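Everything on this sheet refers to the single structure shown next.
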Amino acid sequence: MGMTMTQKILAAHAGLESVTAGQLIEADLDLVLGNDITSPVAIHEMEKMKVDGVFHKDKIALVLDHFVPNKDIKSAQHCKCVREFACRHDITNYFDVGEMGIEHALLPEKGLTVAGDVIIGADSHTCTYGALGAFSTGVGSTDMAAGMATGKAWFKVPGAIKFNITGKPAKWISGKDVILHIIGMIGVDGALYKSMEFVGDGIQYLSMDDRFTIANMAIEAGGKNGIFPVDDAAIAYMKEHSKRPFTAYEADEDAVYDEEYTIDLSTLRPTVAFPHLPENTKTIDEVGDIKIDQVVIGSCTNGRLEDLKIAASILAGKKVKKGLRVIVIPATQKIYLDAMEAGYIRTFIEAGAVVSTPTCGPCLGGYMGILAENERCVSTTNRNFVGRMGHVDSEIYLASPAVAAASAITGKISSPEEVE
């Protein structure tokens with residue numbers, strides 16, 4: 001019986017010739033990730049375990065990104081805990097204010113994630129790195145603690161769903177539209193504990209930023225991970241950003257998939273997820289007249305340079321609708337600088353938006369854009385649960401940077417075609 005990409009990676013890291021769906025394995029880890037919310041819990045668990053040291057100071061990444069620069073005393077205490085741990089154990093890949101970025105944009109940019117890796121992170125969107133052909137998945141803080149201590153983790157080998165990506169997308173269709181379409185089609189539990197494996201000739205039309213976005217939101221369909229083939233685009237990205245060797249795995253021709261779907265990119269329209277689940281999708285043509293109070297462009301899903309470029313191209317020479325708040329959050333310091341040099345930051349400010357330092361910020365109701373009662377926000381983030389961005393009676397509409405920027409101009413959910 002053949003293996004999927006994910007199963008081959010897990011077998012190699014478990015020292016086994018083959019694995020099958022449902023099998024319990026112990027795998028070696030290439031990277032263990034934590035942030036300022038989840039790491040303190042893991043650190044305290046390590047203290048309870050009376051572990052002296054970490055398994056490898058180069059294979060742990062600690063990123064302060066959720067509440068930084070610190071918004072209150074509690075977040076400052078959390079960051080102090082992580083900072084002291086990183087210094088005590090001489091953690092190589094520790095990213096604090098001034099160096100930090102949103103973790104899932106920062107790690108690939110720093111070359112810490114490559115094809116063939118097994119990566120765990122105490123953050124559900126750790127599945128982002130599947131865009132490079134790695135097996136990466138979110139875990140709890142206790143698993144993070146065990147991973148930092150031993151360099152190993154237990155997994156139940158996931159089954160898989162194959163997504164055949166075909167066709168060429170229209171001008172304003174991005175990775176965000178692709179994954180929202182998929183989640184709307186299969187539901188938030190449609191890939192529960194499955195590997196979402198993306199294949200097909202349409203992938204050539206998806207940029208690396210598109211792929212990071214799609215893999216990032218695999219968890220919103222319940223997926224254990226999302227993963228892409230290691231093609232020329234992925235190899236070029238890794239060669240540009242990393243000095244680490246990588247291993248490209250391919251699924252066997254007789255690999256077993258629980259389900260298969262075909263996504264024709266040429267048929268997709270800009271897609272919006274209505275409150276209060278990512279599966280509650282409508283195309284832009286079905287939206288109707290939805291007035292909004294705020295727009296957020298950023299996050300680990302859509303805060304990369306290509307996202308900012310698209311938003312800036314729409315906002316250039318135009319103004320944010322009077323009374324609307326628009327917050328732009330570059331995902332890393334490098335992205336911020338590149339956007340500045342490209343003129344995007346000036347475009348945002350001249351249009352009437354504000355630009356924040358890299359942070360998760362409002363995505364999880366942290367800060368930098370909390371919603372009041374009955375307010376509505378179009379956001380390029382990944383979750384729109386009740387109270388996710390503030391008041392329990394606020395509403396979040398998930399969309400691409402193009403739709404978000406167009407909506408910023410009109411003051412209601414709008415297609416970029418309306419403002420061209």
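Values computed for the structure shown
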| quantity | calculated |
| --- | --- |
| Proximal aspartates and glutamates relative to residue 57, as straight alpha-carbon distance under 13 Å, when same-chain residues fewer than 8 apart are discounted | 30, 90 |
| In Å, descending, principal axis extents of the Cα set of the stretch 27-133 | 39, 31, 22 |
| Quarter of Cα convex hull surface for the stretch 59-197, i.e. mean projection, nm² | 10.7 |
| Zero-based 10 Å bins, Cα pair distances in the stretch 298-362, whole percents | 24, 58, 18, 0 |
| In nm, spacing of pseudo-spin labels at residue 236 and residue 166 (7 Å Cα→C-beta vector) | 2.6 |
| Value of [θ]222 nm, deg cm²/dmol, for the chain, DSSP H segments ≥ 4, -39500 (n - 2.57) each, nearest 500 | -9000 deg cm²/dmol |
| Solvent exposure, largest accessible area first (probe 1.4 Å, DNA, RNA and ligands not counted), of 49, 3 | 49, 3 |
| Gyration tensor (alpha-carbon) shape descriptor, the chain, a/c threshold 1.5 | oblate |
| Per residue solvent-accessible surface (Å²) - the stretch 140-298, probe of 1.4 Å | 41 |
| Theoretical FRET efficiency, 1/(1+(r/R0)^6), r = Cβ-Cβ of residue 386 and residue 250, R0 30 Å, to 0.05 | 0.15 |
| Carbon + sulfur, % of accessible area of the stretch 281-373 - ligands and nucleic acids excluded, 1.4 Å | 53 |
| Euclidean distance between Cα centres, the stretch 291-307 to the stretch 133-199, Å | 21 |
| Between the stretch 53-93 and the stretch 350-389, the Cα center-to-center distance that results, in Å | 24 |
| Candidate aspartates and glutamates for bridging to residue 239, where Cα separation is under 17 Å - those fewer than 8 sequence places away on the same chain excluded | 109, 117, 209, 231 |
| Å² per residue, accessible surface of the stretch 301-420 at 1.4 Å | 37 |
| Rounded percent of accessible protein surface that carbon and sulfur make up, the stretch 147-242, 1.4 Å probe | 53 |
| Full-stretch length increase - residue 372, residue 349 - with 0.36 nm per residue and alpha-carbon distance subtracted | 5.9 nm |
| Ratio Rg/Rh [Cα only; Rh per Kirkwood] for the stretch 254-384 | 1.02 |
| Equivalent ellipsoid semi-axes - Cα gyration tensor, the stretch 354-420, angstrom | 21, 14, 10 |
| Which listed pairs, of 171/412; 59/168; 110/412, have C-alpha distances above 30 Å, in listed order | 59/168; 110/412 |
| DSSP beta bridge pairing in the chain, given as percent antiparallel to the nearest 5 | 20 |
| Charge dipole magnitude, Cβ of K and R +1, D and E -1 - the stretch 68-182, Cα centre, debye nearest 20 | 340 |
| Set of aspartates and glutamates with alpha-carbon distance to residue 194 below 16 Å, sequence-local pairs under 8 removed | 220, 258, 259, 260 |
| About the Cα centre, charge dipole magnitude for the stretch 34-93 (Lys/Arg +1, Asp/Glu -1 at Cβ), debye | 80 |
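The values are calculated or read from the model by the stated rules, or taken from the named source; none is laboratory data. Keep in mind the model is a prediction, meaning the values are calculated, not measured. Note that we place each Cβ from the backbone using ideal geometry, even for glycine, and neighbour counts take in every protein chain shown. SASA here: full protein model, heavy atoms, side chains in, ligands and nucleic acids out. Shrake-Rupley method; radii C 1.70, N 1.55, O 1.52, S 1.80 Å.
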